[in-house]
Amino acid sequence: MKPFTYLIPKTLDEAISLFESHEGRSAYIAGGTDVLIKIKERKLLPDYLISLKHILGPDRPLLNADTKELYISAFITHRTLERSTLIQRTYPILHDAVKNIGSVQIRNTATIGGNLVNAVPSADGAIPLIALDASVNIYGTKGMRSIDLIHFFLGPGQSVLEKGEILTEIVVPPLLPRTGGAYIKFGRRKAMELPLLGVGMLLSLDEDLATCVKARIGLGVAAPTPIRAFSAERFLKGREVNEQTLTEAGQIAADEARVRDSIRGVAWYRRELVGVLVKRMGFTCLQRAGLKHGDSEDV
Amino acid sequence: MLANGTTKIASKLAPTINDRHLLRIYDSAPFKSCEKPMTNVYIVGQRVSKLAAAEKATGRSKYIQDVTLPGMLHGKILYSKYPHARIVNIDTSRAKKLQGVRVVLTGEDIPAIRMGVYKDNPPLKAGKVRSYRDEVAAVAATDPAIAEEALNLIEVTYEALPAVFDPETAMQKDAPLVHEAHKTNILKMPWKLHYGDVDAARKEAAHIVEDRFSATWVTHCCLGTSGSIADFDYDNHLTVYSNTQIPSLAQKDFLGTVKALGLKNRRVRVVKPCIGGAFGSKLDTYAYEHVAILLAFHARKPVRILFDRKEEFIATSTRQPAIMDIAQGCDENGKLLFRDITMILDNGAYTSWGATTPSVMMMPISTLYRVPNVRYQASCVYTNNTYAQAMRGYGNPQATFAIESSIDMLARAAGIDPVEFRRINANQPSEVSPQGFRITTCGLTECIDRVAHEIGADDVKKKGEGIGYASLIHVGGGARVYKSDGCGTLMKINDYGKVDVFTGATDMGQGADTVIAQLVAEELGLHIDDIHVIHTDTDVCPWDVGAHASRTTFIAGNSALGAAKKLKEQIVKIASQTLDVDPQQIELNDRMAIFREDTEKNIDLGKLLRKTHFSPGGNMLMAEYFYDPDNENLGRDFKGNLSMTYTFGTHGARVKVDEETGKVEILNYVAAHDVGRAINPMLLEGQVYGGVMMGIGYALTEQVQLEKGEIMNPNFRDYKVLTAKDTVPIEAPILETTDPDGPYGAKGIGEPGCVPTAPAIANAIYDAVGVRIKDLPITPERVLAALKRKKGIDSCGIDPLTEKEYDCT
Ligand SMILES: Cc1cc2nc3c(=O)[nH]c(=O)nc-3n(C[C@H](O)[C@H](O)[C@H](O)COP(=O)(O)OP(=O)(O)OC[C@H]3O[C@@H](n4cnc5c(N)ncnc54)[C@H](O)[C@@H]3O)c2cc1C
């Protein structure tokens, strides 16, 4: 592995100025679980790695009591999210995802921000967050800007981040009442696994606990970036959620997916999975939407 | 007897040993084997934890990565960029000029050295490359990074040649030749076995099933990656530090390379550091070992080559892939009448032990269950793929996948319960199979019954659940594949009654050292920590053919026992002289020489030894023994009693199939083995658990994915070896038949755990959802496609035959 100098800024501004002064020869590093592999594979050869892990900020996800918005610092680890009772109770869709990333060792160091910025279609953290309508805050020399996460990804490994910009925070808008969410990573083994397909789904129900008032379906590895199945979402809205409508929503989502063949899996199979897993996640959402917060259970 | 035995043990052994489990072994009352276990054994049969376990757990063990020598250089190898190409030119001038580079070698710079059974593989290739794995140049430099950089500076000009990746295509007349001089891609290794009259039996059979099965490339996934250090001394005697399972044969191979360098009368010493797993991968010598020797010779400095994980995937060998056509038939009553098998093996570009796996495949083909008429033929075919090697089971898992899947189909065709069908055909003790295998002890029927009982054959199955079975036979008492199947032991005992055992055996994590220590302690009435087993250095350890064929407990165990018996004789003799009693009356126990009639006379062993040592004309006790079993090489007709005894077993899997996704979940797994005698039930279970997990990976998830000869998944992200989280509940009942030839009755158990796993699972899937998957691995894609085909669903988007996508408009 090519040697590098490791720099430890304490503030965002310091990090950005370090990046600028080594422009073209530097990269940010958070947990390093993606960036170090790229260096080993010689896909990235920075002379300087600028750590973001020592920038002061909240060490856990925070719920704004007034606005009910959830704030997640980009620099916190998957393990922190996994162990947060706030995430476990109120955002099980995110908990489903982070608890199955890599292994405990990976989750102890890998960050949610790194997962988003890495911008692969298989990013487990990204799928539930797009289903949650999250936005991200980005800080750069021109100051802070915000963008909806669904517009953040441009292609495999590509995002809207400009050179030197730092993703600082993820903001999740308040949940509607009677909302249930769930995520599933479908893989070939139980740990150290990238999804063959990832489905994150969020359903908000009417007072009858049956009619869908809002649906969100996030798909991983179904296109060159994490995507939403907009047609399937539109189909569900206003309809009663049941076996028939969920099956149909699954089919619509499968048709929307832009799956392809790779060494990890074939397109036809991924398309099949979209149909099956959307239906299954729909049922889990239905069940969770009916639960009061705090009645945590497992998928 | 038991209570008596256990109290003694408690006083003799370290507190880690759990007596409770001893009962479990003998607890298998209704299923218990033919003979009673021996009495009066104390350490044999105990769950002694692996010697040096703490050393490993605390990171003190020295692996090849931890060994450094003064002045050592670092070697790296440049691999081919083509699957098949002529090497037009190699320009090493820029690499040689790089500061820190000491030696650069290409195939043109080295003497004629040929590796492998077929002698078709030089350590550095000249003229042409035949696979992506081909070594074209090597560098030794003062630093690994410099060596790496030097590789980038070597300019190789290739001229691509037409390549062949499919063995059936490679067999055709106009196929590109991998080795022109060989004239054909089909190896001249005619694997052919025929006895009885298969064609006549076929006509008689009431039920016949016929099908094609296939098994693909998988790899060992040793956590310790490969590496080697070569070091010539001033007089050109060579020391090689290497992860090897065959120290004595490797010594011979390395000596060949030394001779090729023009050095006569030199010594070669092989030192094994701690080995981080082998599973057959280290049964041959590899290019990197010979390259290290060549570099060290030219550099006049020690040279170390270490593989990284990617290299480990690309440049070590796989399990032998196979295409297997099988037909079997039985009579009205379910008695097997014939078995007819033809195989095509993808040899890859060079030949290692993978090409000889048919010799072991013959064992289950001829002798798994009683079959009077058998025909088998296998062709190994050169392709431009990676080449295969030995891997746990040595062909047996592939053959057993075809046989046991087909047995299941035949049982169903005959309308007989699969368990009953296996019982009807089970091998029995004291029978000779038509291939000439003399079965001594055999607990196969007991294994079948035990598994059917434990897996809950009679429980109600939920929808999507199914149970499958498969049995195995494997060599359990050595295997005479080489001219000798022997192993030597040297032994000395010091003034304090501590024994050094120098064995030819190789411990690569499986616990050979521990089992040998248990056997010696048992024989000499010592404690486990009185025994020090040295197995790492050919300078002091006697010859052994290698850690293969599940032979170490049996062969090295018998060898160690032989030496211990000789040492015991000497101890008893001096005790009888010192105590002035009849030697018949003396027993060795608890570090003492014991005289039953008058316990006042009992004497501490150390005291006795010191007395003998420090008297005029003093003596120190030593012993040696070479054990070469009375088994036979297979003859020209491939018949002969390959092993002193055979290990049997049956596996049962209970699975649940997700019919919407095709995913298979293993709910529980039972693997019962007739092991003769469990010298150490804990290590034995470890072998079974590990074997089963390896077998489950083989069955469901693992595959080295080759595309036009290139490995697409050379990492643990995409190569789906199972993780700790994927472990399933495994029961490993141990059945003891106390083999007359085994050390304390033991047979080998190193490999069987992964032999019948895949067919047990495939059969369970069939039982669950009625689809038979004939190709490994059994991926969810394959299961789902088969389910759709079965339901006759117009599976829009999938071609049910090729499983490829098609346009559905
Ligand atoms: C063994 C293993 C298993 C894995 N399993 C999974 C899995 O199951 N699911 C999954 O989704 N991923 C998995 N990954 C991938 C990886 O762990 C995750 O994507 C992780 O979240 C990346 O976070 P990190 O902090 O380690 O990122 P880093 O490697 O530190 O950074 C990733 C990229 O983002 C940039 N970056 C990081 N943080 C910021 C920021 N705040 N602002 C701007 N740029 C930034 C870096 O420069 C780099 O380009 C696995 C990786 C490994 C090695």
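The values are calculated or read from the model by the stated rules, or taken from the named source; none is laboratory data. What you are looking at is a predicted structure, and each value in this text was computed from that prediction instead of being measured. Cβ placement follows ideal geometry from the backbone for every residue including glycine, while neighbour counts extend to all protein chains displayed. The protein model used for the area step is the full one, side chains on, heavy atoms only, and it has no ligands, DNA or RNA in it. Shrake-Rupley method; radii C 1.70, N 1.55, O 1.52, S 1.80 Å.
Could you tell me whether segment B:673-680 includes any residue that is at positive phi and away from chain A (no Cβ under 14 Å)?
Filtering segment B:673-680 down to residues at positive phi leaves B:676.
Right, trim to away from chain A (no Cβ under 14 Å) and you get B:676.
Yes, segment B:673-680 contains at least one residue that is at positive phi and away from chain A (no Cβ under 14 Å).
For residues in segment A:15-41 being near the ligand (Cβ under 9 Å from one of its atoms) and within 14 Å of another protein chain (Cβ to nearest Cβ), which is surrounded by the fewest Cβ atoms within 10 Å (Cβ to Cβ)?
Top of the filtered list is A:I37.
Can you work out which of the residues in segment A:263-292 that are open to solvent by 50 Å² or more (accessible area, probe 1.4 Å) and within 22 Å of the chain's Cα centre (by Cα) is farthest from the other protein chains (Cβ to nearest Cβ)?
A:F283
To keep it simple, each residue is scored yes or no on (1) touching a residue at least 40 places away in the same chain (Cβ under 8 Å); (2) part of a helix (DSSP H, G or I); (3) in contact with a helix residue (DSSP H, G or I) (Cβ under 7 Å, 6 or more places away or on another chain); (4) open to solvent by 10 Å² or more (accessible area, probe 1.4 Å).
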{"residue": "B:T356", "(1), (2), (3), (4)": "yes, yes, no, yes"}
{"residue": "B:N384", "(1), (2), (3), (4)": "yes, no, no, no"}
{"residue": "B:R392", "(1), (2), (3), (4)": "yes, no, yes, yes"}
{"residue": "B:I416", "(1), (2), (3), (4)": "yes, no, no, yes"}
{"residue": "B:E420", "(1), (2), (3), (4)": "yes, yes, no, yes"}
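In segment B:705-721, what residues are within 22 Å of B:F165 (Cα to Cα) and surrounded by 21 or more Cβ atoms within 10 Å (Cβ to Cβ)?
If the condition is that a residue be within 22 Å of B:F165 (Cα to Cα) and surrounded by 21 or more Cβ atoms within 10 Å (Cβ to Cβ), then B:L706, B:G709, B:I711, B:Y719 are the ones that fit.
Of all residues in segment A:42-52, which are near the ligand (Cβ under 8 Å from one of its atoms) and surrounded by fewer than 18 Cβ atoms within 10 Å (Cβ to Cβ)?
Within segment A:42-52, A:L44 is the sole residue that qualifies.
If you scan segment B:248-269, which residues turn out to be open to solvent by 80 Å² or more (accessible area, probe 1.4 Å) and outside any loop (DSSP other than H, G, I, E, B)?
B:K252, B:K259
What single numbered condition from (1) open to solvent by 30 Å² or more (accessible area, probe 1.4 Å); (2) within 11 Å of another protein chain (Cβ to nearest Cβ); (3) small (G, A, S) fails to hold for B:G686?
Only one criterion is unmet by B:G686, namely (2).
With the requirement that a residue be surrounded by 16 or more Cβ atoms within 10 Å (Cβ to Cβ) and assigned to a loop (DSSP other than H, G, I, E, B), what does segment B:132-157 give you?
Across segment B:132-157, the qualifying residues are B:Y132, B:R133, B:D134, B:T142, B:I154.
Look at A:I106 and say whether it is over 27 Å from A:C285 (Cβ atoms) and surrounded by fewer than 20 Cβ atoms within 10 Å (Cβ to Cβ).
On the way: over 27 Å from A:C285 (Cβ atoms): yes; surrounded by fewer than 20 Cβ atoms within 10 Å (Cβ to Cβ): yes.
Yes; evaluated as a whole, the condition is true for this residue.
Please go through segment A:123-133 and give me each residue that is more than 7 Å from the ligand (Cβ to nearest atom), of a type outside the set (V, I, T) and open to solvent by less than 20 Å² (accessible area, probe 1.4 Å), ordered by number. Even if it seems obvious, please write down each step before you answer.
So the first thing to find is which residues in segment A:123-133 are more than 7 Å from the ligand (Cβ to nearest atom), and the list is A:126-133.
Then drop every residue that is not of a type outside the set (V, I, T), which leaves A:126, A:128-129, A:131-133.
A:A126, A:P128, A:L129, A:A131, A:L132 - these are the residues of segment A:123-133 that are more than 7 Å from the ligand (Cβ to nearest atom), of a type outside the set (V, I, T) and open to solvent by less than 20 Å² (accessible area, probe 1.4 Å).
Can you tell me which residue in segment A:252-262 is least open to solvent (accessible area, probe 1.4 Å), limited to those that are in a helix (DSSP H, G or I) and either out of contact with any helix residue (DSSP H, G or I) (no Cβ under 8 Å at 6 or more places or on another chain) or more than 10 Å from chain B (Cβ to nearest Cβ) (or both)? Steps first, answer last, please.
Taking segment A:252-262 first, the residues in a helix (DSSP H, G or I) are A:252-256.
Imposing the further condition that a residue be either out of contact with any helix residue (DSSP H, G or I) (no Cβ under 8 Å at 6 or more places or on another chain) or more than 10 Å from chain B (Cβ to nearest Cβ) (or both) reduces the set to A:252-253, A:255-256.
Working: A:I252: 43, A:A253: 0, A:D255: 121, A:E256: 49 Å².
The extreme case among them is A:A253.
Sort out which residues of segment A:229-251 are more than 23 Å from A:R178 (Cβ to Cβ) and either within 14 Å of chain B (Cβ to nearest Cβ) or buried (at least 22 other Cβ atoms within 10 Å of the Cβ) (or both), and write them in order of number.
The first filter runs over segment A:229-251 and keeps only residues more than 23 Å from A:R178 (Cβ to Cβ), leaving A:231, A:251.
Of everything in segment A:229-251, just one residue is more than 23 Å from A:R178 (Cβ to Cβ) and either within 14 Å of chain B (Cβ to nearest Cβ) or buried (at least 22 other Cβ atoms within 10 Å of the Cβ) (or both), namely A:Q251.
From the list A:V199, A:V120, A:V136, exactly one residue is under 12 Å from the mean Cα position of the chain (by Cα) and within 8 Å of the ligand (Cβ to nearest atom). Which is it?
Working: A:V199 fails: within 8 Å of the ligand (Cβ to nearest atom); A:V136 fails: within 8 Å of the ligand (Cβ to nearest atom).
Residue meeting the stated conditions: A:V120.
Scan segment B:480-498 residue by residue and report those that are open to solvent by 20 Å² or more (accessible area, probe 1.4 Å), of a type in the set (A, V, I, L, M, F, W, C) and under 25 Å from the mean Cα position of the chain (by Cα). Working first, answer last.
Just the residues of segment B:480-498 that are open to solvent by 20 Å² or more (accessible area, probe 1.4 Å), to begin with: B:480-484, B:490, B:492, B:494-496, B:498.
With the extra rule that they be of a type in the set (A, V, I, L, M, F, W, C), the set shrinks to B:481, B:490.
Correct list: B:V481 only.
Of everything in segment A:174-196 that's more than 14 Å from chain B (Cβ to nearest Cβ) and either out of contact with any strand residue (DSSP E or B) (no Cβ under 8 Å at 6 or more places or on another chain) or within 12 Å of the ligand (Cβ to nearest atom) (or both), which residue is farthest from A:D124 (Cα to Cα)?
Kept after step one, since they are more than 14 Å from chain B (Cβ to nearest Cβ), are these residues of segment A:174-196: A:174-183.
Still in the running and either out of contact with any strand residue (DSSP E or B) (no Cβ under 8 Å at 6 or more places or on another chain) or within 12 Å of the ligand (Cβ to nearest atom) (or both): A:174, A:183.
Details: A:P174: 21, A:Y183: 9 Å.
Out of the qualifying residues, it is A:P174.
Go through segment A:85-103 and report how many residues are open to solvent by less than 20 Å² (accessible area, probe 1.4 Å) and more than 14 Å from chain B (Cβ to nearest Cβ).
Result for segment A:85-103: 7.
Are any residues in segment A:60-79 touching a helix residue (DSSP H, G or I) at 6+ places or on another chain (Cβ under 7 Å), more than 10 Å from the ligand (Cβ to nearest atom) and assigned to a loop (DSSP other than H, G, I, E, B), and if so, which ones?
Our first condition is that a residue be touching a helix residue (DSSP H, G or I) at 6+ places or on another chain (Cβ under 7 Å); within segment A:60-79, this holds for A:60-61, A:63, A:72, A:74-79.
Next cut, more than 10 Å from the ligand (Cβ to nearest atom) only: A:60-61, A:63, A:72, A:79.
Selection gives A:R60, A:P61.
What about A:I147, is it within 12 Å of the chain's Cα centre (by Cα), more than 14 Å from every other protein chain (Cβ to nearest Cβ) and within 15 Å of the ligand (Cβ to nearest atom)? Explain how you work it out, then say what you get.
Details: within 12 Å of the chain's Cα centre (by Cα): no; more than 14 Å from every other protein chain (Cβ to nearest Cβ): yes; within 15 Å of the ligand (Cβ to nearest atom): yes.
When the stated conditions are applied, A:I147 does not pass them.
Can you say whether B:A95 is over 32 Å from the mean Cα position of the chain (by Cα) and either within 23 Å of B:A388 (Cβ to Cβ) or not assigned by TED's automatic domain parsing to the domain that holds B:P144 (or both), as far as the supplied structure shows?
Details: over 32 Å from the mean Cα position of the chain (by Cα): yes; either within 23 Å of B:A388 (Cβ to Cβ) or not assigned by TED's automatic domain parsing to the domain that holds B:P144 (or both): no.
No, not satisfied.
Of the conditions (1) open to solvent by less than 10 Å² (accessible area, probe 1.4 Å); (2) on the phi > 0 side of the Ramachandran plot; (3) among the hydrophobic types (A, V, I, L, M, F, W, C), B:A215 satisfies every one except a single condition; which number is it?
Exception for B:A215: condition (2).
Can you tell me which of A:D133, A:D96 is touching a residue at least 24 places away in the same chain (Cβ under 8 Å) and at positive phi?
Values: A:D96 fails: at positive phi.
Selected residue: A:D133, the only one of A:D133, A:D96 that is touching a residue at least 24 places away in the same chain (Cβ under 8 Å) and at positive phi.
In segment B:285-320, what count of residues is obtained for those that are outside any helix (DSSP H, G or I) and in contact with a helix residue (DSSP H, G or I) (Cβ under 8 Å, 6 or more places away or on another chain)?
Step one: filter segment B:285-320 for residues outside any helix (DSSP H, G or I), giving B:285-286, B:300-308, B:316-320.
Still in the list and also in contact with a helix residue (DSSP H, G or I) (Cβ under 8 Å, 6 or more places away or on another chain): B:285-286, B:302-307, B:317-320.
Of the residues in segment B:285-320, 12 are outside any helix (DSSP H, G or I) and in contact with a helix residue (DSSP H, G or I) (Cβ under 8 Å, 6 or more places away or on another chain).
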